[in-house]
Amino acid sequence: MSDLHKNVPSRERKRFPGISSRAYEHPADRGALVALRKLTGFDTVFKALSGMLPERSLRLLFLSDSVRVSDAQFAHLNAMLRDACYILDLEKVPPMYVTQNPQPNAMCIGMDEPIIVVTTGLVELLDEEEMRAVVGHEVGHALSGHAVNRTILLFLTSIAARVAWIPLGNLAIMAIITALREWFRKSELSADRAGLLVGQDLQASMRGLMKIAGGNHLHEMNVDAFLGQAEEYERGGDLRDSVLKILNVLPRSHPFTTIRAAELKKWAESRDYQRIMDGHYPKRQDDKDASARDSFKESAASYTESVKTSKDPLMKLVTDLAGGAGDIGGRLKDRFGGNGREGGSPPPPRDSGE
C-alpha cells in the first residue's frame, strides 16, 4: 500500500476510485466557466499572469509564516487531508498550511500545483466532522483544477487599482474580475458537493455552514429555520429586492451561506447523489471523451430550469415575458407606480445609524 493510502478514514466511508470532478460539479459552475472563457481578453490576461505570478514566492511565504500540516503538526488535519484524497482518489496530496487569522476561511490556490490554506479561525470554530467536510471541499477544488483561476482572481483583486500595465485597461480587468467572481461563487457549490462526498455526513456539512454564518452557537440555531432563510431570501419582495441581491453578491467571492446550505441539501436528496454513492459516476479516464457540447447543454438546461422554478420576482418577470405575458414597460410601471415606488408606498425610513 502506498504512503498516500496508509491512513484510511477513521470511520467507514465509501471511496470513489477514479472519480471525475464532472460527477459533482454544479451545472452553474460549468456554465459560468464557459462564459468566463468566452470573455474578451480573458485569454490574454491568463497567459500574461500565468508566466509571471510568483508561485515560488507564494509557497515560500506560507512555508516561512504559517504552519505546515503533517504528522508532527496539526496531525488531525493531516489525517483528514489524507482521508479526503483517499476517498476522492487524488493521487498527490496537496501541501496544507494553517495560517493565523481569526476570520474563518479556507482556500485552494496555486498555478502549477495546488496549496490548501486554512485559518486558525476556521480550525477553532469547527468540530472534526465539520472540518472534514471543509477539507473535502478544498480537495474538491484541487481535483477540479480550480486553484489556477482562484489564484488569478486573488492576484487581480489585490492589484485592481494598479493594472494599467496590462494592455486591456482597467475596465476590461474589472469585467474579468467580475466574471471570475461569478465563476468562483458557482465553483463553491461544486466544492460543497465534494465536501459531502468526503464527509458523507449532511448534518455535519449543514452545521459547518451554519457556524460560518452565525459563529459557534449551534444551541441557538436550527437547521430548518436556517434553510427557511434561504427560501425567504429567494422569494425576495419585489423587483427592487432582486436588484439589491445582485448588487450585494457582486463583490463577494462566495455565495451566501444559506443558499449554499439549501443547494447542498437539494443535491444530497437527488438521484445524482445517490447514484454516486452507489458507485455509478463519471471516471477521470473518460474525461477526454466527454462532450463539451453535452456539458454546455446540461448547464443551459439547469439554468433554464432554475429560472422557471425560481421564486425571485425578477426571474418570474423574465419567465412571464419569455412566455408572452405582457411587455416589460407595462409590468415595470405596474410594479413601480408613482415616484418609482411600488403602489405609491412611502419611502423606507432612514438608517438611524445604530
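Selection of segment 99-132 for residues being in contact (Cβ under 8 Å) with a residue 24 or more places away in the chain, in contact with a helix residue (DSSP H, G or I) (Cβ under 6 Å, 6 or more places away or on another chain) and more than 20 Å from PHE184 (Cα to Cα) yields GLN100, LEU125, LEU126, GLU129, GLU130, ARG132.
Search segment 222-257 for residues being part of a loop (DSSP other than H, G, I, E, B) and either at pLDDT 80 or above or of a type in the set (Val, Ile, Thr) (or both), and hand back the single one that is nearest to PHE155 (Cα to Cα). Even if it seems obvious, please write down each step before you answer.
Initial filter on segment 222-257 (part of a loop (DSSP other than H, G, I, E, B)): 222, 236-238, 250-256.
Within this subset, residues satisfying the condition of being either at pLDDT 80 or above or of a type in the set (Val, Ile, Thr) (or both) are 222, 256.
Details: ASN222: 38, PHE256: 23 Å.
The qualifying residue nearest to PHE155 (Cα to Cα) is PHE256.
Only one of the numbered conditions (1) modelled with pLDDT of 60 or more; (2) part of a helix (DSSP H, G or I); (3) surrounded by 15 or more Cβ atoms within 10 Å (Cβ to Cβ) is not met by HIS219, and that is (3). For the residues GLY51, GLY31, GLY18, the requirement of being closer than 17 Å to GLY145 by Cβ, exposed (fewer than 13 other Cβ atoms within 10 Å of the Cβ) and either modelled with pLDDT of 95 or more or of a type outside the set (D, E, K, R) (or both) singles out GLY18. Evaluated against (1) exposed (fewer than 13 other Cβ atoms within 10 Å of the Cβ); (2) among the small types (Gly, Ala, Ser); (3) modelled with pLDDT of 85 or more, SER57 falls short on exactly one condition, (3). May I ask you to list the residues in segment 112-136 that are surrounded by fewer than 21 Cβ atoms within 10 Å (Cβ to Cβ) and outside any strand (DSSP E or B)? ASP112, GLU113, THR120, GLY121, VAL123, GLU124, LEU125, ASP127, GLU128, GLU129, listed by residue number. Residue check: SER64 meets all listed conditions (1) at pLDDT 75 or above; (2) under 13 Å from ASN149 (Cα atoms); (3) hydroxyl-bearing (Ser, Thr, Tyr) but one, namely (2). Taking segment 91-104 only, how many residues are under 17 Å from LEU77 (Cα atoms) and either out of contact with any Gly (no Cβ under 7 Å at 6 or more places or on another chain) or in a strand (DSSP E or B) (or both)? Number of matching residues: 9.
The values are calculated or read from the model by the stated rules, or taken from the named source; none is laboratory data. Predicted, not measured: the structure shown is a model, and the values here were computed from it. Virtual Cβ from ideal backbone geometry, glycine too; neighbours counted across all protein chains shown.
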